[in-house]
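Here the structure comes first, spelled out in C-alpha cells, and everything after it is commentary.
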Amino acid sequence: MNLETENRMSSRNLSESKRTAELEELLIDAEADDAEVQQGQPGTGRPWLLLLGLILVALNLRPALSSMAPLLSEVSKSLGLSASQAGLLTTLPVLCLGLFAPLAPVLARRFGAERVVLGILLTLAGGIILRSSLGEAGLFAGSVLAGASIGIIGVLLPGIVKRDFARQAGTMTGVYTMALCLGAAMAAGTTVPLSEHFDHSWALGLGFWVIPALAAAIFWLPQVGRKQGAHHVAYRVRGLLRDPLAWQVTLYMGLQSSLAYIVFGWLPSILIGRGLTPTQAGLVLSGSVIIQLVSSLAAPWLATRGKDQRLAIVIVMVLTLAGLFGCLYAPIEGLWGWAVVLGLGQGATFSLALTLIVLRSRDSHVAANLSSMAQGFGYTLASMGPFAVGIVHDWTGGWNAVGWIFGIIGLGAILAGLGAGRALYVQVESEKI
C-alpha cells in the first residue's frame with residue numbers, strides 16, 4: 001500500500017468519524033435552536049440526580065398516548081363513542097404534538113427550560129386526571145392537555161440533554177430513545193391489567209399514569225432554580241419553507257409518524273377485532289414497541305455507511321408495511337412474528353427520520369430549524385392517519401379496508417424518503433441575529 005493510498009484511507013476514516021460524531025451530537029440538539037433556551041450551566045455536584053430526572057421525564061412522554069389504545073374499545077362502549085369519535089380521540093394528542101411544540105422556546109425564554117419542564121409535567125398530570133374523569137368532555141379535554149404537554153417537553157428535553165451531557169451525547173441519545181420506548185411499552189402492556197385490578201375501571205387504569213408523572217416532577221424539582229449562564233448569540237435561518245428538500249424530510253417525518261400513531265392508537269383494537277383479549281392485544285403492542293429499541297439504535301449507524309439513505313428508507317418502510325399487513329391479514333398464529341417485524345421497521349423509520357434532519361443540514365442551527373419544521377408540520381400531518389382509520393372503520397364496520405390506509409401512507413413515505421434520502425443539503429444557511 002503506497003503513501004497516497006494510506007492518506008486517502010486515513011482521510012476517509014477521519015471524515016466518517018467526524019460525521020458519526022456530528023450525528024450523535026445533533027440527534028439530541030436538533031429539537032431546539034434558541035440559544036437562550038440552552039444557556040443554563042451544566043449540572044455539577046449531583047449529575048446522577050439530573051440523569052435520573054431526565055430518564056423519568058422521558059419515560060412519561062409516551063404513556064399518555066399508548067395507554068389509551070388497549071382500552072379504546074371499552075372506553076368507546078362505556079361512553080357511547082362512534083368509531084369516528086374514537087378516531088378523533090386518538091388524533092387530538094398527536095395533533096397537539098405539532099401545534100404546541102413552537103410554544104416551547106417561547107416559554108423557555110420567559111421562565112427557563114427547567115422551570116417549564118416542571119410546570120408542564122404538572123399540566124401533563126392534570127391532563128391524565130382530567131381524561132379519567134368528567135366523562136366524555138373530560139376525556140377529550142384531558143387528551144388535548146396531555147398531548148400539548150408532551151409536545152412542549154419533547155422539544156425542550158433533548159436540548160437540556162445536549163447541554164448537560166455534551167461529552168456523552170451518543171450514549172445519552174440511546175438512553176433517551178430507550179426511555180421513550182420503555183414508557184410506551186409499559187403503558188401499553190399494563191394498563192388493561194391495572195384497570196382489571198381496579199374493578200374493571202378504565203378510568204382508574206388510565207388515571208394510574210398520573211403517578212409516574214408526579215414522581216418525575218418530584219425528582220426534577222432540584223433542577224429548578226439553577227443559575228443561568230451569560231447571554232448567547234442567537235441565529236436565524238431563512239427560506240426553509242421554500243426548500244423542496246426540507247419539505248421532503250418533513251413529509252417523511254410526518255408520514256412515518258402517522259403509521260406509528262395509528263399503531264399506538266388502533267393496533268390493539270384491530271387485534272381485539274381479530275379475537276384477542278384486551279390484555280393480549282396490549283401485550284402485543286408492548287412487545288412490538290420494545291423491539292423498536294434494537295432497530296432505533298442500529299438504523300442510524302447502518303444508514304450512514306452508504307453513500308445515501310434511500311435504500312435504508314425503502315427497507316425499513318417495507319418492514320413496517322409487512323408488519324402492519326401481517327397483523328391485519330395474516331393467520332393469527334403468527335401474530336407475534338409480525339409484531340416483531342413491525343417493531344423492527346418502526347423503530348428504524350423514526351430514528352432515520354431524526355437522522356435525515358441532521359444529514360440534510362449544514363450546521364446545528366439549520367438542523368434545529370429543520371427539526372422544528374418537521375415536527376410542527378409533520379406531527380400535524382401525522383394526526384390525520386389515526387383519524388382516517390376511525391372514519392374508515394365507522395364506514396365499513398370492520399378493519400379490512402384499513403389496509404388501504406396503511407398502503408397509501410407507506411407508499412407516500414417511501415416516495416418522500418427517496419427524495420429526503422439523497423446526499424444533499426437544504427439550500428439555506430444560518431446567520432447571526
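The values are calculated or read from the model by the stated rules, or taken from the named source; none is laboratory data. Because the structure is a prediction, the values reported are computed rather than measured. Cβ coordinates were reconstructed from backbone atoms using ideal geometry, including for glycine residues, and neighbour counts include every protein chain displayed.
Here is a yes/no grid of residues against (1) under 30 Å from Ser73 (Cα atoms); (2) in a helix (DSSP H, G or I); (3) touching a Leu at 6+ places or on another chain (Cβ under 8 Å):
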| residue | (1), (2), (3) |
| --- | --- |
| Gln375 | yes, yes, yes |
| Ala388 | yes, yes, no |
| Asp394 | yes, yes, no |
| Ile408 | yes, yes, no |
| Ala416 | no, yes, yes |
| Gly419 | no, yes, yes |
| Gln427 | no, no, yes |
Cβ pairs under 8 Å, 6+ apart or interchain, first in segment 258-274 and not in a helix (DSSP H, G or I), second not β-branched (Val, Ile, Thr), ordered by first then second residue, are Arg274/Trp399
Of the residues in segment 288-308, those that are at pLDDT 90 or above and touching a Lys or Arg at 6+ places or on another chain (Cβ under 8 Å) come to Asp308
Checked segment 46-92 for anything of a type in the set (A, V, I, L, M, F, W, C) and assigned to a loop (DSSP other than H, G, I, E, B); matches are Leu61, Met68, Leu81
Of the residues in segment 275-306, those that are in a helix (DSSP H, G or I) and free of Cβ contacts under 8 Å to residues at least 40 places away in the same chain number 2
